[in-house]
Amino acid sequence: MIPTIAPPTDNLYKLISLVGLGILVLGIVNSTTQSEDILETKIEIEYIEKQIVDTIHHYYGLNEHKEMEFTNTSENESISGLMDELKQYGLLAHNKNLPKEITNYVDTELDVIKIKLLSIKEKERLNNLLISFSVILMVFGFILWYYKEQRWYDRKVKKNAENS
């Protein structure tokens, strides 16, 4: 006789629901760890922004400092808003006729920041997709379980109670 593995639940519909619940918990845990990674990335972005601003200030001196404000990325800002601010740094570097080495440095650093921001956006999108999928799977499994199994069982119990 071949031993079989017992399923973790008595029917397939409950199993689908429990798998959905497990994926939901995994998505929530991933979201909390991911938020720490996002904060670290935003701190790195702030550091790079500061380097860009300092480079331009160093070239022009302290008088130009009033035109550029340092962004605070760790606050709740949208990624598209940050991208717009970064474009302004790039435009400022090109409009001020800075030496080619400095504009190339600024452009390179801005590209690094954009890649990091897109990485954050992609991680958030994938996590949201995972959580949405798990909720759909969980609801689907519970609805199937109720309509295909539990309703029949409830009718049977009710009928037995009336006959007793």
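Side notes on the structure shown:
- Restricting attention to segment 116-151, the residues that are under 13 Å from the mean Cα position of the chain (by Cα) and closer than 17 Å to Gly22 by Cα add up to 7.
- A residue that is under 30 Å from Tyr59 (Cα atoms) and surrounded by 16 or more Cβ atoms within 10 Å (Cβ to Cβ) occurs nowhere in segment 119-134.
Per-residue answers, yes or no, for (1) touching a Leu at 6+ places or on another chain (Cβ under 8 Å); (2) in a helix (DSSP H, G or I); (3) of a type outside the set (D, E, K, R); (4) modelled with pLDDT under 70:
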position	(1), (2), (3), (4)
Ser35	no, yes, yes, no
Leu39	no, yes, yes, no
Glu64	no, yes, no, yes
Gly81	no, yes, yes, yes
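- Whenever a residue of segment 85-106 is of a type in the set (Phe, Trp, Tyr) and at pLDDT 70 or above, it has no partner that is surrounded by 12 or more Cβ atoms within 10 Å (Cβ to Cβ) and part of a loop (DSSP other than H, G, I, E, B) lying with C-beta atoms less than 8 angstrom away and at least six residues away or across chains.
- When restricted to residues that are polar (S, T, N, Q) and over 30 Å from Glu46 (Cβ atoms), segment 116-164 contains 6.
- Candidate set: segment 104-113, residues that are crowded, with 17+ Cβ neighbours inside 10 Å and not aliphatic (A, V, I, L, M); chosen: the one farthest from Asp37 (Cα to Cα): Tyr105
- Selection count, segment 96-134, where residues are within 28 Å of Gly27 (Cα to Cα) and either among the hydroxyl-bearing types (Ser, Thr, Tyr) or in contact with a Pro (Cβ under 9 Å, 6 or more places away or on another chain) (or both): 3
- Residue selected from segment 48-62 under the condition loosely packed, with under 12 Cβ neighbours inside 10 Å and outside any loop (DSSP other than H, G, I, E, B), by the criterion modelled with the highest pLDDT: His58
- Scanning segment 18-33 for residues that are within 13 Å of Val139 (Cα to Cα) and among the hydrophobic types (A, V, I, L, M, F, W, C) turns up Leu18, Val19, Leu21, Ile23, Leu24.
The values are calculated or read from the model by the stated rules, or taken from the named source; none is laboratory data. Nothing here was measured: the structure is a model prediction, and the numbers come from that model. Positions of Cβ are generated from backbone atoms using ideal geometry, with glycine treated the same way; all protein chains shown enter the neighbour counts.
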